1. Kindly provide the Kirkwood hydrodynamic radius of the chain in Å, to one decimal, from all pairs of distinct alpha carbon atoms.
2. Using the beta-carbon distance between residue 23 and residue 165 and R0 = 45 Å, what value does 1/(1 + (r/R0)^6) give for FRET efficiency, to the nearest 0.05?
3. So how strong a dipole does the chain carry about its Cα centre when Lys and Arg Cβ are +1 and Asp and Glu Cβ are -1, to the nearest 20 debye?
4. By how many degrees, 0 to 90 and rounded to 10, does the Cα axis of helix 31-46 deviate from the longest principal axis of the chain?
5. What is the helix-to-structure angle for 16-27, meaning the angle in degrees between its Cα long axis and the longest Cα principal axis of the chain, kept from 0 to 90 and rounded to the nearest 10?
6. Between residue 270 and residue 91, how many nm apart are label points set 7 Å from Cα along the C-beta direction?
7. Given Cβ point charges of +1 (Lys, Arg) and -1 (Asp, Glu) and nothing else, what value in debye, to the nearest 20, does the dipole of the stretch 202-340 about its Cα centre take?
8. Compute for the stretch 163-332: radius of gyration divided by Kirkwood radius, i.e. Rg/Rh, restricted to C-alpha atoms, rounded to two decimals.
Amino acid sequence: MNDFEKTNCAENSGNELVEKSIDRFYRETTKENLIDVLESIRNRMHEDGKWIVPVIPPQELSENIDIENIKAGDTITASQPLHFKLHHLETTDGKTWLAAFTGMDEAEKGESTSTITDDIGQMLKGCRNMHEAGIIINPWGKSFKLTKELIQMVLDADIPENHIYCQEGDITKLDVDVIVNAANNSLLGGGGVDGAIHRAAGPGLLAECRTLHGCKTGEAKITKGYDLKAKYVIHTVGPVYNRLESEKCAGLLYDCYRNSLELAKQYDLHTIAFPAISTGVYGYPKHEAAVIAFMAVSGWLDENPDYGMAVILCCFDQETMKIYRYILKSRSQEKDSFIH
Ligand code: AR6
């Protein structure tokens, strides 16, 4: 905690929606109103919102700072990390709590105390390991007891989730972070989905592709999306299907999906759409290719459970769509958490 505030200036703290939702819950204790409070806290956490926290200032601070000359409204930034003791409150049931205020007006309803502003997310995470029962928000006004269980719910709701969807249509129209192109080794355009992507992205895409000097089968390279809705295009080269080398082909197709997902992760991209790589001009049997696509994608998602990747398997024709649907359905029966 670095920012020490002896201040009255936080009139507009940004916590108004938290205050409003607490007010509603205070008047009517319903499940919906409780969810609204938790939602509003979670939203503030996302905005890097702060709460005002009553503290006992550390000894070093009073030694180094001329407290007498600080006026209300002054903000003091400490030159090195300071450790504050947080004020505790005890409720009649014997439980102890941390206190937090949504604004200075709330803090001033009680005894005068030194306060710091603390990041809501940090405070919630920190509180999980303390022996207090939780945090009482605005203890002198319309208060709200944010118990540890509720804190956990706020934090859990925040864990990003992985999903696989299948969707019929033209991949060039999708509003995602990245679309995958089923390209050839030259990366200089072609027919099928490759041609469609280059037409929709405009000449900038080809110009950038020229700088990449091709791509090996099974590997992946990334460019910007130019005129596409997607911010990026990942170009991967699937195998030309050869029945006599089906295992080798399967391995290369698998690599296309995995390498594309890895590359998307390196760029911190969280929504990706794949066409059915190799199943057009390159002649891969659609069902076999779909099983490999699904194994590669679901395997990668299982290895990256907290990454939060939405994978769209984009099907240009009904036959592919039916196959994907079938595979996803049988998988979701095995594993309840799968959504499609
Ligand atoms: N959106 C989604 N999927 C599409 C689209 C589209 N706009 N257009 C076609 N598909 P293919 P490959 C589907 O032939 O087999 C190129 O010339 C299509 O129905 O595009 O990997 C490259 O330059 C099929 O299911 O790619 C290479 O030379 C899938 O996309 C070669 O083709 C893949 O078909 C690559 O062959």
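1. Details: mean 1/r = 0.0419 Å⁻¹.
In the chain this quantity evaluates to 23.9 Å.
2. Values: r = 39 Å, r/R0 = 0.86.
FRET efficiency, residue 23 to residue 165: 0.70.
3. 1440
4. Tilt of helix 31-46: around 80 degrees.
5. 70
6. 3.3
7. In total the dipole reaches around 300 debye.
8. 0.93
Where a number appears in this text, it was derived from the coordinates with a stated rule and is not lab data. No experiment lies behind these values; they were computed from the predicted model shown. We place every Cβ from the backbone using ideal geometry, glycine too, and count neighbours over all the protein chains shown.
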